[in-house]
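See below for the structure under consideration.
Please treat every number below as a calculation from the coordinates, not as lab data. If you're wondering where the values come from, they're calculated on a predicted model, not measured in any experiment. Because the Cβ atoms are built from the backbone with ideal geometry, glycine has one as well, and the counts that use them run over all protein chains shown.
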Amino acid sequence: MRRAWIAAMAVALLAVPPAAAAHGGDRPDSSKKNRSQACKALRAQMGTELFRATYGTNHNKRNAHGKCVSRHKRPFRGLVAQAVRECKAQVEAKQSRHFKGDDRKSDDRRADRRAFRQCVRDRFRALLAERRAALRAAAQSCDAERSANAAAFREKYGRGKHKRHAFFRCVVQTFRASQAAQTSA
């Protein structure tokens, strides 16, 4: 039950763009439409050219929106698990300071469950915003590197005979390096 709830919450939270979430944008639309809206918001934040370079895979990068929607299909399970761990630690620390027995009212238990769900939701959104900011920074860094010397950039990051997908590989490497630096710090 708990895993199903966590998975459902992750899908719902990932589907809502941060701007819509801040204004109470949790509405019962289909998740595909919400992923599409999230990608449109991401395109508005990154700019069209950078968005196409990041997500596009065909010769003119016009398939970027569809690739973005596909890429965001699966929820960030690691972020949900991290949010749950942090909130559980918070609850356990609170309970160790203020131990309450099993004679609590059901209303108190419901309030505790609601508070825990809200904690997980808020922490997940914060983690997701951090991850999106890091991805945006990686894309901008790779864009600057590509602008400096396109041929060297393609040679360094591209694969295969035609050195394709260099920009995407650069973004992934830069993003992973920044995430590894954050976890080790």
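Observations on the model:
- One decimal place: the segment Ala150-Arg109 gains 8.8 nm when fully extended, by the rule 0.36 nm per residue minus the C-alpha distance.
- Residues whose amide H lies under 5 Å from that of Asn63, counting only those 5 or more places away or on a different chain, are Thr57, Asn58; hydrogens are built 1.01 Å from N in the peptide plane.
- Listed residue pairs exceeding 24 Å between alpha carbons, taken from Lys40/Lys163; Lys40/Lys61; Lys40/Lys161; Lys40/Lys67; Lys40/Lys88: Lys40/Lys163; Lys40/Lys161; Lys40/Lys88
- Take the Cβ atoms of Ser178 and Lys88, set R0 to 22 Å, and the FRET efficiency comes out at 0.25.
- For Arg164, distant residues with modelled amide H under 5 Å away: Arg159
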